[in-house]
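A.B. asks: Structure below; questions to follow.
The values are calculated or read from the model by the stated rules, or taken from the named source; none is laboratory data. Small disclaimer: the values here were computed from a predicted structure and weren't measured. Surface areas here come from the heavy atoms of the whole protein model, side chains and all, with no ligands, DNA or RNA. Shrake-Rupley method; radii C 1.70, N 1.55, O 1.52, S 1.80 Å.
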Amino acid sequence: MTTGAPPPPARKRSRARSLAPLGIAAWLALEVWLLTLVAGAAGGFTVLALLAGGAVLGAAVIKRAGRRAFRTLTESLQQQAGAVPPQDAGSTGNGFLMLGGVLLMVPGLLSDAAGLLLLLPPVRAWAGRYAERSLDRRVRAAMPGSFGDAFQQARMHRPDGKVVQGEVVRDDTADRRTHPYGDGDSRPPLTR
């Protein structure tokens, strides 16, 4: 059965999405090659020590970043309650700090190098600015009717980010016979 409406246009896969499996395979092959190269030059126990050290350091970094995120959340909740005066937010970039810890835990020398780079504050700040610009560019270029378009519209209507407090009041004591739609369970669809 056809509805007469044209089928939606087929979305073309982005180039990055098409090449991602090939890139992951190349990265894994390079990681294995580097590990065998280092194992041949320095020995198997050295490689094992490097991998174990990376896993321990990555776990410590993730634990520290998680504690810092929890402390930031607790302070912001206390500030909203008015118990603590607002302070300067000094702990930003926890997401990239956790990503650095995860990269340290992943076995491989390239991922360890990338994880160690993300532990440096200037690199985390640059990565944060780059991610913010990239997200903003994608939101601006969103197609009408997509999720990104809805996000952009919400940002346009509430640029200050304020939340309007409200309350829904339901009058269950009203006489149902006088309700405009009968028993109140069936309502016409919204047309706006």
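A.B. asks: With every protein chain left in place, what is the accessible area of residue 132 in Å² (1.4 Å probe, nearest 10)?
C.D. replies: Accessible area of residue 132: about 130 Å².
A.B. asks: With θ set to phi - 60° and the Karplus curve 6.51 cos²θ - 1.76 cosθ + 1.60, what are the ³J(HN,Hα) couplings of segment 29-39 in order, to the nearest whole Hz, using x for Gly and Pro?
C.D. replies: For segment 29-39, the Karplus curve yields 5, 5, 4, 5, 4, 5, 5, 5, 5, 5, 5 Hz.
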